[in-house]
Amino acid sequence: MPELIAKSAIDAGPVTKGGASLALMEPGPISSIALYAHGAEAGAKGLETLGLSFPAPGQSQENGAARILWTGRDQAFLIGAEAPAMEGAAITDQSDGWAAFSLSGAGVEDVLSRLVAVDVRLSAFAPGQVVRTGLNHMPMILRRASAEAFEIYTFRSMARSAWHELEEVMGQLAARGTLKS
Amino acid sequence: MRLTCPLCGSRDRREFYYYGADTYLNRPAPDAPMAAWDDYLHLRDNPAGVTRDLWYHEQGCAQWLKVTRNTVTHEISAVELVAGPAAGGKGASE
């Protein structure tokens, strides 16, 4: 069997500009878990084996490297762990379809506020909350991972554009910062 | 204009795609008379006042929404999921 080499979505190194840092993430396996009608109970049993449960709208859960993010009505993404065998849900491997970035640092909310039309200020968007919205015009799943860190998931085919948009904004904000003195 | 998606909360109009009157939900039976199909496909009211139409939360949860709004005051009085409540997730986000 040939050895396949996993390549990252784009060849981009970590960047720090102003108060924010952008880096590629290797999130591991990504599976869509879409509950069937009346599948909630069986689905919950499967997720229990990972110490997780199906998240409420706009929420996520974490257990070690595994996390589950609400992504739609009766749909969630399991990230960082192989999907367990489970009844009650359609499980689709999405690992190769997404690019993941981490955006962190004190300036993170200023960067996001230029590209995201939803209120994700640190005061309005608690750690663990998830929002599915646009990063400028690109579809995105955004999760606040900790106090000053966000995870950004976009379509792998749009990874270069997403990176460019974020880096551009970080540069603009850094430039503004130098004018303030 | 903002719509309050029952799952995602208050969102900007740019996240939604407008489809048309909620008449589209009441599809006639395949053997319905031609007049019923003509009505379903082509005839729409144009009310000055309360109207109900369908919006798609394209840049969000990808759900079809039934929106009740007033064309005179621009008030949006209800936004409901066409698909009904979810089975797994509990209620709406805060």
*Could you check region B:8-89 for strands (runs of 3 or more DSSP E) lying wholly inside it with 3 or more residues that are within 13 Å of chain A (Cβ to nearest Cβ)?*
B:9-12
*asked:* Need the failing condition index for B:T73 against (1) at pLDDT 95 or above; (2) among the hydroxyl-bearing types (S, T, Y); (3) within 12 Å of the chain's Cα centre (by Cα), just the number.
replied: (3)
_Whether any residue in region A:68-80 is closer than 15 Å to A:F150 by Cα, more than 13 Å from every other protein chain (Cβ to nearest Cβ) and either at pLDDT below 95 or assigned to a loop (DSSP other than H, G, I, E, B) (or both) is what I want to check._
no
*Given the conditions (1) part of a strand (DSSP E or B); (2) among the hydroxyl-bearing types (S, T, Y); (3) farther than 21 Å from B:D12 by Cβ, and given that A:S157 satisfies all but one, which numbered condition is not satisfied?*
(1)
_Residue, farthest from A:T178 (Cα to Cα), within region A:1-53, restricted to residues that are in contact (Cβ under 8 Å) with a residue 24 or more places away in the chain and of a type in the set (V, I, T)_ = A:T49
*Of these, A:S60, A:S32, A:S21, which one is within 14 Å of chain B (Cβ to nearest Cβ), closer than 20 Å to A:S146 by Cα, small (G, A, S) and in a strand (DSSP E or B)?*
A:S60
_Single condition A:T16 does not satisfy, out of (1) of a type in the set (S, T, Y); (2) at pLDDT below 95; (3) exposed (fewer than 15 other Cβ atoms within 10 Å of the Cβ)_ = (2)
*Quick one: A:E41 ticks every box in (1) within 12 Å of chain B (Cβ to nearest Cβ); (2) surrounded by 14 or more Cβ atoms within 10 Å (Cβ to Cβ); (3) not in a loop (DSSP other than H, G, I, E, B) except a single one, so which number is it?*
(2)
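The values are calculated or read from the model by the stated rules, or taken from the named source; none is laboratory data. Keep in mind that this is a model prediction, so the values were computed, not measured. Heads up, the Cβs are rebuilt from the backbone with ideal geometry, glycines too, and the neighbour counts pull from every protein chain shown.
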